[in-house]
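To keep things clear, I will list the structure first and then write my remarks on it.
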Amino acid sequence: MKQILSFFIILVLISCRDSSKEISDKLIKNSNGEIYIALINDCYSDKKFDLTNEEVNQTNTILIKAVKKMQDDVDAFPKSLNPNKIKINLNDYKRQYCACLNEKGEKVVYVNCMCRVKDEQWKKKYMTVLGGGECYFSGVINLSKNDFTKFMINAPL
């Protein structure tokens, strides 16, 4: 009887664990089954770490705010510099997230967003793209501060 009771207690403990604290998959699919986020360990720091599911969700939430601010900033340019309003739909972009600790020990995520990719390398190697306009943008998300910096759209072709 004690074995059965122990088995059920272990089963309950396993089923109640918090999946948001688990390390995220390296390739994340959207609702259509397409890979749209690649967690890359090939960026600017030796102090890399793996994102948890919760941290990926936090990154996604902050990214929405960063894109909104970036669009507002670009739309504020004079019409001669920016004749068209920019409308970025994140669902149209492949994303790369590279997580590391900055010099202050804060958790930061370098973010690349790309609406066109040539091949499957974007899933493995952190990409640097020159030009391409609003099809490519990047920035840094600080998970420790729940904030973002340096979000910029690439220069036009």
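Read-outs: derived from the displayed coordinates by stated rules, not from any lab. This is a predicted model, so every value here is computed, not measured.
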message: Using C-alpha positions alone, give me the convex hull volume of segment 30-145 per residue in cubic angstrom.
response: 126 Å³
query: Under a straight-distance cross-link criterion of Cα-Cα below 19 Å, which lysines are reachable from LYS47, leaving out those fewer than 8 residues away in the same chain?
result: LYS26, LYS104, LYS107, LYS124, LYS125, LYS145
